[in-house]
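Below is one structure; the comments refer to it alone.
Where a number appears in this text, it was derived from the coordinates with a stated rule and is not lab data. Since the structure is predicted, the reported quantities are computational estimates derived from the model, not experimental observations. So basically every Cβ, Gly included, is an ideal-geometry build from the backbone, and we count neighbours across all protein chains shown.
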Amino acid sequence: TATRSEGTKYVGEWKDGKYHGQGAYSNPDGTMYAGEFKDGKYHGLGLFLRTDGSIYEGEFKDGKPWKGTEYDKDGNVIATYSEDLRKEN
């Protein structure tokens, strides 16, 4: 577990001093990520929760959404991602 003075918190696996493997990361603004990390970045399957209730679920690559689906707070699909390209529905 790592809690930083600016309010971020990470709970999960580590490798060579970096977030690596399964973990959860929360920001002081209330956004949260749960899933896979590689070399300190979101990488692999994960779920990103925004403060407005919207969710991105899918694959991340180098800290960015890569292939997945974005939902509004009611569960309606609002966008899909394919290789870092966002397509609104």
Worksheet item: Residues in segment 27-59 that are closer than 14 Å to Gly12 by Cβ and under 8 Å from the mean Cα position of the chain (by Cα): how many?
Response: 7
Worksheet item: Are any of the residues in segment 64-76 under 20 Å from Thr1 (Cα atoms) and under 9 Å from the mean Cα position of the chain (by Cα)?
Response: no
Worksheet entry | Pairs where the first residue, in segment 59-71, is free of Cβ contacts under 8 Å to residues at least 60 places away in the same chain and the second is assigned to a loop (DSSP other than H, G, I, E, B) and surrounded by fewer than 15 Cβ atoms within 10 Å (Cβ to Cβ), C-beta under 8 Å, 6+ apart | Lys61/Asp84; Lys64/Asp84; Pro65/Asp84; Trp66/Glu83; Trp66/Asp84; Lys67/Glu83
